[in-house]
Each structure stands twice: as structure tokens, then as C-alpha cells.
Amino acid sequence: MTGHHRILLSLTLALIGLGLLVYVLGLPAETTQAAAELTVCKHNPACDFTTIQDAVDAALPGDVILIAADTYTGVHARNGITQMVYISKSVTLRGGYLDDFVDPPDPETNVTVLDAEGQGRVISVEGFSLPEGTPAVAGSTGSAITPTIEGLMITGGNATGLAGASSYWEDAGGGILISFADATIRNCVIYSNVASILYWGWGGGIFVDFGAATIEGNDITQNVAALGGMPIGYGGGLALDGGASTVVGNRIWGNTANGSPVPGEGTNALGGGVYSAYGTNLFVNNIIHDNLASAGGNGQGGGIATSDYDESTFINTVLYANTLGCFDPLQGDPCAGSAILSDWGARPTYLHTTLHDNCAGPDCSAVAIGYDGVITLTNTIVASETVGLRVGQLGWLVADGILWHNTPTQTVVMGTLDVKHAITGNPQLAADGYHLLPDSPAIDAGVVTTAPVDIDGTLRPVGVAPDLGADEALPTVVIGPGGGTLVYSDGLGSAISVTVPTSAVVEVATLTLTPLVTPTAPLPPGIYYGGIAFELDALCLRGTERAYLPLVVREAPGMSTTTSLSRLASLVDGGLSAFGSELVPCALFFQEPVTVTLHYSDEAVAGLDEDLLVLYYYTGTEWIDVATTCTPHSTYIRDPDLNQLTVAICHLTQFAIGSE
């Protein structure tokens, strides 16, 4: 994008912002009724509708539209835009049903496909209208809306000629356009969509225009922002312009910002996976890999690109195998930012990032700061890159806590670089590319941050300090016929010791402890929580691979009150599953009881009778006294003077202290 174009855009944004402020203050709140369920299917006469659009048109705000498994096609024009489904009210579209619509839905088995067949956009979500004369594509409802789209496969979208990027008058959102709305896109597969095949394209898969969207748990793949014609693309998988969206737990892979092989003038692609501008978006627990900035050269930000004064926050991010499509560096192309780019005044913050194997080609940098850009990196792993960090003129990069490995040129600096607490060594990543193996030098090598949980929901820190990268390694001990002891301390007065005696197990396995803030299910009525909850699991060793059990993000204390991190607090309370390896638990049987000793703080048991403390275990449906897992039943040793409780167990599960 040229500097002249950017100046015009900045002026336009200022005018739009002024108009929005005046206009939004007078918007009426959308009236919602008691929710009704409408059904859509193609082959059961008992269904309410055969097309999704008819159901949306008939629905009232708050209604839920259940969609049976099938492939739905056919586009239509609405409000001057061509798409399969046009949404301008707060309704829910939910796929994954058979045509009897029995809950719960199963989108993986009952695949519900919306295919625009290249004839238009798949879904347009439009909120309130802008004042007359404002240069934007907007909705017609006159109010902000909060629709939800979940459990669907979104494909075949082509937004060529449909515009949609209000700040730029260009094509946007091949799969889904969210314009001035607070929509939620959850557990969908958004694949093989294109924003434009003739003009500049923004967000091949999803484009969010001045909204506060929630994009959660999706697979976003094989989308293209721009292809052919004037091949300038921004955000192959996802592009966000302004607003404060939350992007959590997504896998964004195999997307391309500029899919044309024809070289263009200047930088013609930013953000193969993700592009964000003018926003304060929050990205948490996303895995971004195998994205391409440009097939025709001059690409920047293969994984993520932020630009135009963006101030987004990225927490627990994994980036690998993202590439640029560079020209020959000797002809002026810097091959900048195969994983991350910050340009034109953007000031993103990255906490706990794992990036490796992104660069391809000479002089390629994994992280790049362009004109007047700033990046703050905290607790980062940089491995197997050609150039680690490139700081351009007027750029500024602060890196606190970094592990270097197999990166011949760590830094190229033309601006300002400040690196602290750097170490070198093999990060010892598991086969999935981001979990840390027990011998990793990244363990306990980080600095304290405001990110309370890792990509799996494990509380930080597990050890004496946070780990580098997206993963916080769990306390583990390898056990076998010789037994072993696992010890965990939260540093706040609580500690857990698990002792496996000799000959308690006959096979070798790894015992793993996952600390929890609170139990994942309520304790029985009349039982009050005593401040310690955890899971014990056994992990099988399979050759050189390690099987990781699935973990769930849960509530964490001590959240920052800043805008981004307070939004993180609401996320970790929502039980969002993070991506990980294919996981198979061990069938581990104890031949003898295992001793668990718990040291609790006075604050944790305030108001409880310590002589009545019990360790409960969760069967999956109910909480039971852990002493009953052994035959004969175990005996408690309670020592209130030492704040200590000891009991023998014979079962691995979730545990929590409680008392009447």
C-alpha cells in the first residue's frame, strides 16, 4: 500500500469514526423475544424451512435456527450484495444435526455445508447502518447485532465485486463478512473461499469490519485474499479492520494472502494467515502454520501481519512453516517476517510465542518490524530460522525472555533492538511442534507475564518461573517398577506431593499433574472447596513420541484489568478446548496404594474445619471420597498445625479438597 493511499485512508477513518460516534449514540437497542427454534432441512417435510435464508428472514432476534446435515447452495442479492445467507439480526445458525434435530449436534459426523459455488459470498453479517453518504457497505437494521454461527462448513465463497471493506472500498470476506456487528463464529470449518479475483482482497476466509467479533475454535484453511487481476491481498485466512475482536483456539493454516503468481508493484501481500489493522484485538491459543504471504513475490508477514497503528495482543501463539514468496533479496525485497510482521505504526504485543521453521530462502527473517513499527515479544522460542529478528528503519523491538536455536543470524538491526534474558539451546519440542519435552531448556526460563495460563489451560508458572513459548510444561515423573515421586508447588503456599512406591506399577509411564484453580464440576451440596484441585494422568511413551492428554482452559485468578487481558479472563472461564496432539491415555493400574500429601494455605481453608478435610475424586458424574478408591479403604492423616493432609489413593482422575 502506498503512503499516499494510507494518508487518504487515515483521513477517511477519522471521518468515519466521527460519524459512527454521533450515529451509534442514538441507536436503539435490538428487541429480543423468548427464543424459538426453527428447523432447516431438504428432505423431511416436517422441517420448518428448506433454505437457510427463509429461516433467517422468518426468525425473530434471539431465535435459534437448527440446520440438518446436507450441502446447501444457491445465492441471492440482498441489500445490493450477493451471498447465500444475509444476516441483519441477532439469530443463531447451528449445524450438525440429523433431520430429527435431537441434541446435542455433532458437526463432525453430521456435516452441514454452505457452498456458494463461487457465485458470491457465503455469509454476510451486517449490523447498523452508517450515516447517509458515509463510504461503507453496511446493514440496514439501524442497530448493533450479536448473531452466532456455529458447527458449519463454509466454502465456495467469492466476494469479487461485492466490496465489504468500508475503509478501503475493496472486496472483503470471501467466506464470511462481519460488518459493524458483534458476531460469534464458533467451531466452523472455513475453507476454499476467495475475497477477490480481480481487485484488492481482504480476508479470504473471514473479514471483520469495525466489529467486536468472537472467532473461536475454527479451522480456517485454503482461503485466498486476492487472486489474479490486481493481486494485492491482506489476510488470506482472516483479516480484521478496527474493532476489538477476540480470536481464540483456532487453527489457521494453508491460506494465502496473494495467490497470483504474477509479480506486482511494491508490497502486494500482508498476512498469509492473519492481517490486523487499526484494532485492539485479542488473539489467544491460536496455531498458525503453512500459510503463504504471496505466490508472486513481495509478500510480508507469512503468518501474521499487523499494520496501521494496530495494537492487538497475541497470547500463546504457535507459528511454524509459514512462508513469504520473496523476490531475490538483492533486488530490494527484504523477505520480511515469514512468521510475524509489524508495519506502519503497528504496536502489537506477543506473550509466550513458539515459532520455528518459518523462513525459506536466503536472508529471510522470522520476525520483522517495518516502517515505524514496534513489537514487544515476551517469553519467545525462535528455532530453525534463517534470520531471527529484523528491525527496519524507525522500527523498535523489545524481546524479554527468548530462546535461540539453529538460527544462524539472530538479529539484523537498522532501528532499535532491546533483547534481555536470552538463552540458547534445543527447545526439545514434541512431535506436535509446541509442547515441551521434560528436558527442554525453555522450562522455567521465562519472565513473569500477565498471561496466567498456557495454550492447554495449565496455570503459570508450574515451576519457579514461567516457561518460554506457548506451552507450560506440566510436573511429571517417569514411574516404573522402581516407583517415583512427583512434587508441585504453586509458590503461594500450596503444594502437592505424589509418591508411587516400589512395585506399585509394572510398566513404565509418565505421571503428570495438572493444577486447577477450581474443580471443573461443583462439589456436592454442603461440601465447601478447600483451595486445591488437580488432575493426575498417566502418559504413555510411544517410541520417540509423547501422547498428551487433552486439557481445558479454566478460570484463572489475578487477571490484569487492561482491556485485552480482562477479555482473556472471560475466555478462560468458558471451557475452551485448545488444540494439541492426538491423545491416548495410558491404562495404568496400581498394584499398591499411591500416597498423596497436600500442603494448603490458611487462606485456602479459611472458615473450614481442618479436622474434617477430605480429598474427593471425580468419577465423571459425581464426587466421592478418595479413600474409598482403595481396598481396604485408606486412612487420612490430618495435621492442622502443619496445614497438611495425607491419604493413599488407588485411582487417577480429578481431585479436590473439601470439607463440610
Amide H neighbours of T112 under 5 Å, counting only residues 5+ apart in sequence or on other chains, H built in-plane at 1.01 Å? D70, G96, M153
Cβ crowding within 10 Å averaged over residues, with 424-436, 43-55 ranked highest first: 424-436, 43-55
Computed FRET value (nearest 0.05) for T619 with H421, which takes r as the C-beta separation and R₀ as 41 Å: 0.40
Which length gain, in nm to one decimal place, applies between S384 and L492 when the Cα-Cα distance is subtracted from 0.36 nm times their residue separation? 35.2 nm
What order, most packed first, do the peptides 610-620, 308-318 have when packing is the mean number of other Cβ atoms within 10 Å of each residue? 308-318, 610-620
Might you tell me the accessible area per residue for segment 68-130, computed with a 1.4 Å probe and given in Å²? 38
Probe 1.4 Å, all protein chains in place: accessible area of D639 in Å², nearest 10? 50
Env charge @ D357, Cβ radius under 14 Å, K,R +1 / D,E -1, value -3
Using only the Cα atoms of segment 189-327, construct the convex hull and provide its projected area averaged over every direction, in square nanometres to one decimal. 6.7
Whole-number accessible area per residue in Å² for segment 611-652, which is evaluated in the context of all protein chains at 1.4 Å: 53
Calculate the FRET efficiency for Y636 and S503 from the Cβ-Cβ distance with a Förster distance of 22 Å, rounded to the nearest 0.05. 0.35
Å² per residue, accessible surface of segment 386-439 at 1.4 Å: 47
With a/c under 1.5 counting as rounded, go ahead and sort segment 48-91 into rounded, prolate or oblate using the C-alpha gyration tensor (a ≥ b ≥ c being the square roots of the eigenvalues; past the cut-off, prolate if a/b is larger than b/c, else oblate). oblate
If we sort 590-599, 209-218 on the protection proxy, mean other Cβ atoms within 10 Å, highest first, what's the order? 209-218, 590-599
If you count only protein heavy atoms and use a 1.4 Å probe, how large is the accessible surface of Y278, to the nearest 10 Å²? 60
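The values are calculated or read from the model by the stated rules, or taken from the named source; none is laboratory data. Here the structure is a predicted model, which is why all the values come from computation and not from measurement. All Cβ positions, glycine included, derive from the backbone under ideal geometry; neighbour counts span all protein chains shown. These area figures cover heavy atoms from the full protein model, side chains too; ligands, DNA and RNA do not enter into them. Shrake-Rupley method; radii C 1.70, N 1.55, O 1.52, S 1.80 Å.
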